[in-house]
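K.L.:
Supplied in structure tokens, the structure appears directly below.
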Amino acid sequence: MEMRRLGRTGRDVGVVGLGAWQLGGDWGSVDESDALAVLHAAIDGGVTFIDTADVYGDGRSERLVGQVLKASDGLTVATKMGRRVEQVPENYTLQNFRAWNDRSRQNLGVDTIDLVQLHCPPTPVYSDDEVFDALDALVDEGRIASYGVSVETCAEALTAIARPNVASVQIILNALRLKPLDEVLPAARAAGVGIIARVPLASGLLSGKYDEHTTFGDDDHRTYNRHGEAFDVGETFSGVDFSTGLEAVRRLMPWLPAGAAMAQFALRWIIDQPGVSVVIPGARNPEQVAGNISAATLTPLTPDQLTAVQQTYDDLIRPQIHDRW
Ligand SMILES: NC(=O)c1ccc[n+]([C@@H]2O[C@H](COP(=O)([O-])OP(=O)(O)OC[C@H]3O[C@@H](n4cnc5c(N)ncnc54)[C@H](OP(=O)(O)O)[C@@H]3O)[C@@H](O)[C@H]2O)c1
């Protein structure tokens, strides 16, 4: 797998990683053996970067990652902290960071976590020097090797990139979410900050397997957060209205490379964007993992394919969401 530098972490990671939200909760049930099968398929297939969070299954995802981490050399694990408490800036203190970090280290079974990201904190947190001094202290204390942020908006990403020690920015970037191309990716490249592209399949929309009749379980955020009832609506189908998303995906279908599935095309599009360090598709089974890894070996997309994505976005998606995040 192609390796890329993950910003200021100084680490190189395979360009296709794994998102481990599915292994915790919010996506319907994934039992422990299936979750471990996903992790093993990823590592055996060459994945060297896994993204998790303390809040996924309230620690279940971190603990499952911890189980495979012990036996895996060369794996970089990123977790996130901050969403197990009320979302107010006052909670972003060094004392809380230490407590959250202790729990994550225990869940993962490590003394030092490779990368810890603030998990979409309230916007004022990005402008608070004390927050970043506290994160520097975690590095000095040897609890974490590097820190980054996971953001909702491009404006938050740009504020974070301007901080000297932010190693990486995690942001929604996919064929239905093009705004980070305008300013965030160029700024990250200039500053040497890594870009972790999340929700790369728009919560599965960009797999091309759904239609107007598709339904999701009651315990799946694609049912209960479709209109942002539980958390930021941008995390569910990228904030795109489901039927508009289906129409966009149908427009892209004729542009698939021979033999490639829609998911691979969608991931390859992200890989081809200058400034992207790693893309982190979530997966519920080993077959999905294998399909996603194979995007790394697809030929880069042609100018016509890239134009098709841009035009589809401009025609259908831009009017709906471009100014929102
Ligand atoms: N605030 C944050 O920081 C934040 C928020 C969201 C996500 N994330 C991170 O980003 C990661 C990825 O985003 P995501 O999981 O939300 O969405 P995603 O990767 O865009 O979509 C995952 C879904 O796509 C489908 N899928 C995956 N691979 C497939 C394949 N090869 N073929 C067909 N379908 C496939 C599956 O849907 P089915 O379940 O229908 O099979 C899977 O559940 C998360 O796991 C998490 O680590 C972070």
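The values are calculated or read from the model by the stated rules, or taken from the named source; none is laboratory data. Please read all numbers here as calculations on a predicted model, not as lab measurements. Heads up, the Cβs are rebuilt from the backbone with ideal geometry, glycines too, and the neighbour counts pull from every protein chain shown. Note: areas computed on protein heavy atoms with side chains; ligands, DNA, RNA excluded. Shrake-Rupley method; radii C 1.70, N 1.55, O 1.52, S 1.80 Å.
K.L.:
For the chain, what is the accessible area per residue in Å², given a 1.4 Å probe and the full set of protein chains?
P.N.:
Details: 12770 Å² over 325 residues.
Per-residue accessible area for the chain comes out at 39 Å².
K.L.:
Sticking with this structure for a sec: Among Met253, Met262, Met81, which one shows the highest mean-square fluctuation when the chain is modelled as a Gaussian network with alpha-carbon springs under 10 Å?
P.N.:
Met253
K.L.:
Does anything in the range 139-181 have its amide N under 19 Å from the 7 Å Cα→Cβ label point of Leu94, and if so which residues?
P.N.:
Correct set: 139-148, 164-166.
K.L.:
Using helices alone, what [θ] at 222 nm do you get for the chain, with -39,500 (n - 2.57) per DSSP H run of 4 or more residues, divided over all residues and rounded to the nearest 500?
P.N.:
On the way: 12 runs with 113 residues, N = 325.
Rounded to the nearest 500, the figure is -10000 deg cm²/dmol.
K.L.:
Let me check I've understood the local charge: for Asp54, count other residues with C-beta under 9 angstrom from its C-beta, Lys and Arg +1, Asp and Glu -1. What total comes out? Before the final figure, lay out the partial values.
P.N.:
Values: positive: Lys80, Arg83, Arg84, Arg103; negative: Asp58, Glu62.
With Lys, Arg at +1 and Asp, Glu at -1, the neighbours total +2.
K.L.:
Next up: Calculate what fraction, in whole %, of the accessible area of the range 1-89 sits on carbon and sulfur atoms when a 1.4 Å probe is rolled over the protein chains. Write out the running numbers ahead of the final one.
P.N.:
Values: 1530 of 3410 Å².
C and S fraction of accessible area: 45 percent.
K.L.:
Where the accessible area of the range 98-167 is counted over protein heavy atoms with a 1.4 Å probe, how much of it, in %, is carbon and sulfur? Don't skip to the answer; put the middle values down first.
P.N.:
Details: 1200 of 2620 Å².
Carbon plus sulfur share of accessible area: 46 percent.
K.L.:
Taking every DSSP beta bridge with both residues inside the range 3-321, roughly what % is antiparallel (nearest 5)?
P.N.:
Details: 5 of 32 bridges.
Roughly 15 percent of the DSSP beta bridges within the range 3-321 come out antiparallel.
K.L.:
Using square roots of five times the C-alpha gyration tensor eigenvalues, list the equivalent-ellipsoid semi-axes of the chain in whole Å, biggest first. Don't jump to the answer; show the numbers that get you there.
P.N.:
Numbers: eigenvalues 164, 93, 78 Å².
Over the Cα atoms of the chain, the ellipsoid semi-axes are 29, 22, 20 Å.
K.L.:
Could you please put Lys179, Lys70, Lys209 in sequence from largest to smallest accessible area, using a 1.4 Å probe? If you can, show how the numbers build up before the last one.
P.N.:
On the way: Lys179 50, Lys70 160, Lys209 120 Å².
Solvent-accessible surface, decreasing: Lys70, Lys209, Lys179.
K.L.:
How would you rank 137-144, 154-161, 212-219, 11-18, highest first, on the average number of other Cβ atoms within 10 Å across their residues? Walk me through the numbers on the way to the answer.
P.N.:
On the way: 137-144: 15.4, 154-161: 21.1, 212-219: 10.2, 11-18: 24.5.
Per-residue Cβ counts within 10 Å, averaged per peptide and sorted highest first, yield 11-18, 154-161, 137-144, 212-219.
K.L.:
Report, in whole Å, the centroid distance computed from the Cα atoms of the range 58-116 and the range 161-219.
P.N.:
Using only Cα atoms, the two centres lie 21 Å from each other.
K.L.:
Here is a follow-up. How much solvent-accessible surface does Trp325 expose, in Å² to the nearest 10, with a 1.4 Å probe and all protein chains in place?
P.N.:
Number for this one is 20 Å².
K.L.:
When the solvent-accessible surface of protein heavy atoms is calculated with a 1.4 angstrom probe, in what order do Asp128, Asp220 fall, highest first?
P.N.:
The residues order as Asp128, Asp220, largest area first.
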